[in-house]
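To keep things clear, I will list the structure first and then write my remarks on it.
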Amino acid sequence: GTIRFLDEDITALPTDARFHKGLVRTFQIPHEFHNLSARENLMMVPPHQPGENLFANWFAPGKVRAAEEAVRHKADATLAFLELTHVADERAGNLSGGQKKLLELGRTMMTDAKLVLLDEPAAGVNRTLLRKLEEKILILNRERGYTFILIEHDMEMIEKLCHPVVCMAEGKVLIQGDFYAVRSDARVLEAYLGETPTAIEREAAEHDPKVEELREQELHREDL
């Protein structure tokens, strides 16, 4: 198959080239830089910073400082949006699981991403911070135009955030539609619960005392 993004075939592009086109992702287990502060984790994301060039540091220190100050300002604004200002100078490795997920979301914001792939953002996050994470994702989508694709098993989160919902099993798409249609689809129930609604109803009927009584009466008549 192929991967197309903004009408361009990016199948053969390396990860860094996809990043520069605005396609970014987060991880189920956050990949923060443990020994850097939360602010520094954000500041290192934007590409093509002049401070990355050794000669620019020697011959254009003013340009380097100005660019770094602009990135720092954007990082602080991002931390404020995520309500993480109080941990700006804390080592990222010391943050809670939920705070790390918020920080990863912040790193995508530092790139001005066009499409963000979220890999199980609810994993390892307490319910309080999860509600905050959902809130920030909704704001970024509705007010700032971010597009998100979530891979998630938390049904409550999917219900709140995902329109449409795509359900897959064994690498194939079973159904695409609104949350309630997908949740009640027979193929989805069979794939994830092992039984269709008909099978569930049949099993319940087979254990109904009245059904068993009628079956015994039928067997008795056959014996006669």
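The values are calculated or read from the model by the stated rules, or taken from the named source; none is laboratory data. Quantities reported herein were computed from a predicted structural model and do not represent experimental measurements. Methodologically, a virtual Cβ is constructed for each residue, glycine included, from the backbone with ideal geometry; neighbour enumeration extends over all protein chains shown.
Per-residue answers, yes or no, for (1) farther than 26 Å from Glu120 by Cβ; (2) surrounded by 14 or more Cβ atoms within 10 Å (Cβ to Cβ); (3) more than 20 Å from the chain's Cα centre (by Cα):
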{"site": "Thr15", "(1), (2), (3)": "no, no, no"}
{"site": "Gly22", "(1), (2), (3)": "no, yes, no"}
{"site": "Glu32", "(1), (2), (3)": "no, yes, no"}
{"site": "Asn35", "(1), (2), (3)": "no, no, yes"}
{"site": "Gln49", "(1), (2), (3)": "yes, yes, yes"}
{"site": "Ala56", "(1), (2), (3)": "yes, yes, yes"}
{"site": "Pro61", "(1), (2), (3)": "yes, no, yes"}
{"site": "Val64", "(1), (2), (3)": "yes, yes, yes"}
{"site": "Val71", "(1), (2), (3)": "yes, yes, yes"}
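What number of residues in region 152-163 are surrounded by 15 or more Cβ atoms within 10 Å (Cβ to Cβ) and either β-branched (Val, Ile, Thr) or in a helix (DSSP H, G or I) (or both)? Residues that pass the stated criteria total 4. Give the residues of region 109-122 that are surrounded by 22 or more Cβ atoms within 10 Å (Cβ to Cβ) and closer than 8 Å to Val24 by Cβ, sorted by residue number. Correct list: Val116 only. Applying the set (1) outside any helix (DSSP H, G or I); (2) touching a helix residue (DSSP H, G or I) at 6+ places or on another chain (Cβ under 6 Å); (3) modelled with pLDDT of 95 or more to Val71 leaves exactly one unmet item: (1).
Out of Gly97, Gly145, Gly93, Gly106, which single residue is within 20 Å of the chain's Cα centre (by Cα) and more than 24 Å from Ala17 (Cα to Cα)?
On the way: Gly145 fails: more than 24 Å from Ala17 (Cα to Cα); Gly93 fails: within 20 Å of the chain's Cα centre (by Cα); Gly106 fails: more than 24 Å from Ala17 (Cα to Cα).
Testing whether each residue is within 20 Å of the chain's Cα centre (by Cα) and more than 24 Å from Ala17 (Cα to Cα) leaves just Gly97.
Which residue, of Ala181, Ala191, is out of contact with any helix residue (DSSP H, G or I) (no Cβ under 9 Å at 6 or more places or on another chain), in a helix (DSSP H, G or I) and at pLDDT 90 or above? After ruling out the rest, the residue left standing is Ala181. Filtering region 85-109 to residues that are more than 13 Å from Glu40 (Cα to Cα), part of a loop (DSSP other than H, G, I, E, B) and at pLDDT 95 or above leaves only Leu95.
Checked against (1) at pLDDT 95 or above; (2) more than 21 Å from Val165 (Cβ to Cβ); (3) touching a strand residue (DSSP E or B) at 6+ places or on another chain (Cβ under 7 Å); (4) not polar (S, T, N, Q), Asp76 passes all but a single condition, namely (3). Of Ala38, Ala56, which residue is modelled with pLDDT of 90 or more and on the phi < 0 side of the Ramachandran plot? From the options Ala38, Ala56, the qualifying one is Ala38. If the condition is being assigned to a loop (DSSP other than H, G, I, E, B), touching a strand residue (DSSP E or B) at 6+ places or on another chain (Cβ under 9 Å) and charged (D, E, K, R), then region 1-53 contributes only Lys21.
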